[in-house]
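Here is the structure we will look at.
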Amino acid sequence: MSHHKGFILWFTGMSGAGKSTLAELLAQEFKSRGYRVELLDGDEVRTHLSKGLSFSREDRDTNVRRIGWVARLLARNGVIAITAAISPYREVRDEIRAVADAEGCEAFVEVFASAPVAALAERDVKGLYKKALAGEIKNFTGISDPYEPPEHPEVTAFTSGESIQESVDRILKYLTEQKLIGAA
């Protein structure tokens, strides 16, 4: 098995910003290196771990806290726990970081998948942004419900202005520099 430490790689960003795409590519890369890795995708977690929760602020916070708990459990057992969920509220993300630090997790690495609403609406094949902007969808994150971008993410992926590979390379470079993973 190749050298790595257990840590949390937390992707945040608005719907369609590329969180899941980047998370999946990194999970594949880590697996190809022989690393222990688990991907906690927001949509899958909502189906299996948070079924029945609404999109109220309280329920969104509950969902994100559940993802954080599972990620901490994995990380402290030597697994790279990758999360890909909108996690719209900064306070809850910061809470999860603080608890992870207090519990001795090796690291909490926040990755902000950043893209302007115009770019997200343009790439939205389901037309959700168009409907949300027209007021047809309530509580749509970043339109009729808040999205609070991180103030100091460890890595920002500018997903509307750079290639997916450029974003992946920037994340891998950071993780290598922090000695969380070995050099390729």
Report the residue count in the range 141-158 for those that are surrounded by 14 or more Cβ atoms within 10 Å (Cβ to Cβ) and over 16 Å from K19 (Cβ atoms).
2
Of the residues E103, E136, only one is closer than 22 Å to E38 by Cβ, surrounded by fewer than 19 Cβ atoms within 10 Å (Cβ to Cβ) and among the acidic types (D, E); which?
E103
Any pair with Cβ under 6 angstrom, 6 or more apart, that starts in the range 131-154 at a residue that is among the small types (G, A, S) and ends at one that is modelled with pLDDT of 90 or more
A132/F140; A132/I143; G142/M14
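State all residues of the range 64-85 that are buried (at least 23 other Cβ atoms within 10 Å of the Cβ) and among the aliphatic types (A, V, I, L, M); if no residue qualifies, say none.
V64, I67, A71, A75, I80, A81, I82, A84, A85 - these are the residues of the range 64-85 that are buried (at least 23 other Cβ atoms within 10 Å of the Cβ) and among the aliphatic types (A, V, I, L, M).
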Could you pull out the residue among F108, F158 that is farther than 27 Å from S56 by Cβ and either free of Cβ contacts under 8 Å to residues at least 60 places away in the same chain or within 17 Å of the chain's Cα centre (by Cα) (or both)?
F158
How many residues does the range 162-178 hold that are farther than 17 Å from I82 by Cβ and either part of a helix (DSSP H, G or I) or touching a residue at least 12 places away in the same chain (Cβ under 8 Å) (or both)?
3
Within the range 19-40, track down each residue that is more than 9 Å from I80 (Cα to Cα) and among the acidic types (D, E).
E24, E29
Do we have E95 as charged (D, E, K, R), in contact (Cβ under 8 Å) with a residue 60 or more places away in the chain and in contact with a Gly (Cβ under 9 Å, 6 or more places away or on another chain) here?
no
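The values are calculated or read from the model by the stated rules, or taken from the named source; none is laboratory data. Bear in mind the structure is a predicted one, so any value in this text is a computation, not a measurement. Please note: Cβ atoms are built from the backbone with ideal geometry, for glycine as well, and neighbour counts cover all protein chains shown.
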